[in-house]
Amino acid sequence: MILSDSAILEHIELGNIVIEPFNRECLGSNSYDVHLGKYLATYNERELDAKAHNKVTHFEIGDDGFVLQPGILYLGVTLEYTETHAHVPFLEGKSSTGRLGINIHATAGKGDVGFCNAWTLEISCLHPVRVYYGMPIGQLIYFPVSGEVINKYNSKKDAKYTHKNIKPVESMMWKNKF
C-alpha cells in the first residue's frame with residue numbers, strides 16, 4: 001500500500017515524514033516531487049575499486065545548467081532534506097525525466113525507516129542532456145511498515161550515510177567487511 005496525498009500530509013503533521021523545504025504544489029496524488037540540488041560529483045578515476053575509498057570531485061551546476069554526457073556516472077543530490085520515521089521511502093524518476101533519457105538511480109531507490117538526509121542520486125543518461133539546479137528530478141513514495149522497526153537506519157552504529165549533506169556522497173562500500 002502506498003500513502004496517498006492526504007496520508008502524506010497527515011504523517012508530515014505527525015512528524016513521521018519530514019521534507020525540507022516543503023512545497024504543497026510538489027505533492028502529487030500519492031508522491032512528492034523532489035528537485036535536483038546545485039551540486040554534482042564525478043569519480044576521479046575511471047576504474048573504481050569496491051574495497052577502496054574512490055574519491056570524487058564536486059562541482060556546482062551554473063545558471064546555464066550542465067550537460068550530462070553518456071557513459072559517465074554523475075552523483076547528484078536532492079534539494080530536499082527528508083526524514084522518514086515510520087515508512088519505507090522509495091525514490092523514483094519522474095516520467096518527464098525518463099523521457100529525456102535520464103536515470104536517477106542505478107540501484108538505490110529504496111530508503112530505510114530512519115533515513116534522515118538528502119538523497120544522493122546515481123545519474124546517467126542515454127544521450128547528452130542539459131540539466132538545471134532546482135529542476136524536478138524524481139518523486140518520493142511512501143510505504144507503511146508492518147510491525148515494529150527495531151533497528152532504524154539513523155540509530156545503526158554502522159550506518160554509512162547519516163551525516164547531513166548538501167553535496168552528493170560517494171560510495172562507502174569500502175567500509176564494509178568482505
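Restrict the check to the stretch 137-144 and report whether at least one residue is modelled with pLDDT under 95 and closer than 20 Å to His35 by Cα.
No - not one qualifying residue is present in the stretch 137-144.
Quickly run through the stretch 1-54 and pick out the residues that are hydroxyl-bearing (Ser, Thr, Tyr) and in contact (Cβ under 8 Å) with a residue 40 or more places away in the chain.
Ser31, Tyr32, Tyr39, Tyr43
Among the numbered criteria (1) touching a Gly at 6+ places or on another chain (Cβ under 9 Å); (2) without any contact (Cβ under 8 Å) to a residue 40 or more places away in the chain, which one does Tyr133 miss?
(2)
Is there any pair linking a residue in the stretch 88-112 that is at pLDDT below 95 and surrounded by 14 or more Cβ atoms within 10 Å (Cβ to Cβ) to one that is in a helix (DSSP H, G or I) and not hydrophobic (A, V, I, L, M, F, W, C), with Cβ under 6 Å and at least six apart or on different chains, and which?
Short answer, once both residue conditions are applied: Asp112/Tyr153.
Could you please let me know if Leu73 is surrounded by 18 or more Cβ atoms within 10 Å (Cβ to Cβ), under 19 Å from the mean Cα position of the chain (by Cα) and within 30 Å of His127 (Cβ to Cβ)?
So Leu73 does not fit the description; no.
Which of the strands (runs of 3 or more DSSP E) found entirely inside the stretch 103-178 contain at least 1 residues meeting this: farther than 16 Å from Asn54 by Cβ and in contact with a helix residue (DSSP H, G or I) (Cβ under 7 Å, 6 or more places away or on another chain)?
Here the list reads 116-125, 136-144.
Yes or no: the stretch 30-48 includes at least one residue that is surrounded by 12 or more Cβ atoms within 10 Å (Cβ to Cβ) and of a type in the set (Lys, Arg).
Scanning the stretch 30-48 turns up at least one residue that is surrounded by 12 or more Cβ atoms within 10 Å (Cβ to Cβ) and of a type in the set (Lys, Arg).
What pairs can you find where one residue is in the stretch 160-178 and more than 19 Å from Leu40 (Cβ to Cβ), the other is at pLDDT 85 or above and in a helix (DSSP H, G or I), and their Cβ atoms are less than 8 Å apart, with a gap of 6+ or different chains?
Correct list of pairs: Lys160/Lys175.
The values are calculated or read from the model by the stated rules, or taken from the named source; none is laboratory data. Computed from a predicted structure; not experimentally measured. Heads up, the Cβs are rebuilt from the backbone with ideal geometry, glycines too, and the neighbour counts pull from every protein chain shown.
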